[in-house]
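First up is the structure itself, then whatever we jot down about it.
The values are calculated or read from the model by the stated rules, or taken from the named source; none is laboratory data. The structure displayed is predicted, hence computed values, not measured ones. Backbone-built Cβ (ideal geometry, glycine too); neighbour counts: all protein chains shown.
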Amino acid sequence: MITVHHLNDSRSQRILWLMEELGLPYEIKRYQRLPTRLAPPELAAIHPVGKSPVITDNGRTVYESAAIIDYVIRRHAGGRLQPDPATPAYDDYMMWMHYAEGSAMLPLLLHLYVSRLGEAGAPLHPRIESETANHLGYLDGHLRSRSFLLGDMFTGADIQMSFVAEIAEVYGKRAPFPSLDAWIKRLHARPAWKKALEKGGPYRFAN
Ligand SMILES: N[C@@H](CCC(=O)N[C@@H](CS)C(=O)NCC(=O)O)C(=O)O
């Protein structure tokens, strides 16, 4: 059975959601953020650098959200939630899986860290703003004519990319992108997302 090592209010919410979408049996091992919002030291016993999400499955440990989503879908989903690997749609699927944490999250994380510098960070903000708009604008344009990232088919890539739209809202950066906003609201209306929210506990990225 898969164990999801769930840090409250974090990216591991995506993995709970994936498990609910697939209706797979799983257990949750809970970790509570410290007052600094860092993960507690117990998570370092299971993840080499102490981050969330992590899953364990029959003695195997998998970390990095895209790798976890890919692993669970490949090994346990029986072909659901991903395109046929022989098709070009699968190439797009993989691109979105990597794009989330490899590219789109970077300016949003820079916003988080550079904002802590106060005035000292001011010279960096224009570039952070333009890169954020660059990525969110690309996504918004892509979603203008599609229900999901791959068109009509909901996939693990929507789950993986959802955190980008969620964190953009927390930083007040989603409003100029109506198709992105409509897409995340469509995802948040899914019964499995709601069920995962109940299981995961308070999630400040839920808007
Ligand atoms: N790229 C990684 C990011 C992992 C990550 O930074 N997770 C955050 C939670 S959203 C974390 O563990 N933060 C606590 C800490 O850094 O101590 C992934 O997608 O799995």
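Annotations
- Residue within the range 67-76 that is farther than 19 Å from HIS188 by Cα, within 12 Å of the ligand (Cβ to nearest atom) and small (Gly, Ala, Ser) present: yes
- Scanning the range 64-100 for residues that are free of Cβ contacts under 8 Å to residues at least 40 places away in the same chain and buried (at least 20 other Cβ atoms within 10 Å of the Cβ) yields a count of 0.
- A count restricted to the range 5-58 and to residues that are under 23 Å from GLY156 (Cβ atoms) and away from the ligand (no atom under 12 Å from the Cβ) stands at 17.
- Hits in the range 75-91 - residues which are farther than 14 Å from ILE15 by Cα and out of contact with any strand residue (DSSP E or B) (no Cβ under 9 Å at 6 or more places or on another chain): GLY78, GLY79, ARG80, GLN82, PRO83, ASP84, PRO85, ALA86, THR87, PRO88, TYR90, ASP91
- Residue that is in contact with a strand residue (DSSP E or B) (Cβ under 8 Å, 6 or more places away or on another chain) and either at pLDDT 95 or above or within 23 Å of LEU38 (Cβ to Cβ) (or both), where the choices are ASP181, ASP140, ASP158, ASP152: ASP158
- Some residue of the range 27-35 being part of a helix (DSSP H, G or I) and either touching a helix residue (DSSP H, G or I) at 6+ places or on another chain (Cβ under 8 Å) or farther than 20 Å from GLY200 by Cβ (or both): no
Residue by residue, here is whether (1) under 17 Å from ILE69 (Cα atoms); (2) in a helix (DSSP H, G or I); (3) not hydroxyl-bearing (Ser, Thr, Tyr) holds:
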residue	(1), (2), (3)
ALA86	no, no, yes
MET95	yes, yes, yes
ALA100	yes, yes, yes
GLU131	no, yes, yes
GLN160	yes, yes, yes
ALA168	no, yes, yes
GLY172	no, no, yes
